[in-house]
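What follows is one structure encoded as structure tokens, with my remarks underneath.
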Amino acid sequence: MIKDILTIIIFPFPTLFKTTQAISEKIKKLINSSVEKPYSYEYASNNIRIDEKVLLDTLKDTIENKKILEDKAKSTLIAITISSSLIINILRYIQDMKDSAVILSIILAIVGFLSLLYMIVAGVLSLYSIGEINTVAIMYPEDYLLPQQGKNTQIADNIEHNYLHNLKRNNFMTTSYKCIITSISLLVVIFIIATVTLRIGHKKDDLTQEINRQIESINNKISTMSNEISEDKQNIIRIQQRIIYIIERIEITQQKLDNIKESIESINKIIADNPSMVSDEIEKLLFNLEKELKVE
């Protein structure tokens, strides 16, 4: 199943190349066919018993199908142009992101570039189906002067010619759609990664604000204590300064934030139970907290 997804949707170009080569070989055989070396029709017939009007109507349908495929290609080009502009803006946004980790920014940039690349390839394939595969076989006035068998053969040749070229156009358009699907899927990946990153960032910001509030609370409580704990107040000041420094440089991990929060809550609990004295346990917790906040 994974192999099918890779070959059919994510990397369909080898399949497109093989089918295009096979169709081109059939077109070559059709052009080089003769009475001695007749072409074996797949999508038409020169049987004399088939009414000429039926053959002409079928030929007309192949010409109409060509126009329909070209209209689809033109509509696709408009969608590709709009989507490419969107992807370029997303890449610029990723480039301007300052708060994200470098590795994450690189990953998002690579995925965004691949999305843009697939969209460009889709546009090239659509243009190719319009510009390069642009031949169509029609009946000329002198063709109607041929004997009935010769006329039927000419109409059948034209039908086969148009059908094979339409098949080639359709294959290019199908591959173009697959590239668009892959490009959009990569955009979804960017959206998911960015959303998860933003949620983690918001959670970290909330936790940081809570830590700052807890530190302020500790500082206020310690300020009310007797002079004998002045040394611990200096510890608190150093702790505050280090937290501010780390937060400003965004060098704090989620695990460290959790450890800091746990230490501060423990200190708060001890101070609440014994508001008039500083125990050895508080001094130990303050020492550990300073170690947590130490910047490498």
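We did not get these values from a lab; they are worked out from the coordinates using the rules stated. Computed from a predicted model, the values in this text were never measured in an experiment. Positions of Cβ are generated from backbone atoms using ideal geometry, with glycine treated the same way; all protein chains shown enter the neighbour counts.
Listed values, structure above:
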read-out	value
Normalised contact order of segment 2-192, rounded percent, pairs of Cα under 8 Å and 6 or more residues apart	39 percent
Calculated log₁₀ intensity ratio I(q)/I(0) where the Debye formula runs over C-alpha points of segment 152-198, q = 0.28 Å⁻¹	-0.90
Formal net charge of residues neighbouring Leu146 (Cβ-Cβ distance under 15 Å; K, R +1; D, E -1)	-3
Intensity falloff of segment 2-192 expressed as log10 I(q)/I(0), Debye formula with alpha-carbon point scatterers, at q = 0.12, 0.13, 0.18, 0.19 Å⁻¹	-0.70, -0.77, -1.13, -1.20
Modelled FRET efficiency - R0 51 Å, Ala22 with Glu262, Cβ distances, 0.05 increments	0.15
Spin-label proximity, Asp61 to segment 157-181 - amide N less than 16 Å from point 7 Å beyond Cα toward beta carbon	157-167
Globularity ratio of segment 17-105, using Cα Rg and 2.2 N^0.38 Å	2.04
Of Lys29/Lys72; Lys29/Lys168; Lys53/Lys168; Lys26/Lys72; Lys74/Lys168; Lys29/Lys60, pairs whose Cα-Cα distance is over 20 Å	Lys29/Lys72; Lys53/Lys168; Lys26/Lys72; Lys29/Lys60
Exposure proxy order (Cβ contacts within 10 Å, fewest to most) of Ile180, Ile267	Ile180, Ile267
Gained length - Thr81 relative to Arg49, 0.36 nm times residue gap less alpha-carbon distance	6.5 nm
Nearest-0.05 FRET efficiency for Leu117 and Glu42, computed from C-beta distance (R0 45 Å)	0.80
Ser126, Ser263, Ser40, Ser84 arranged by Cβ crowding within 10 Å, fewest neighbours leading	Ser40, Ser84, Ser263, Ser126
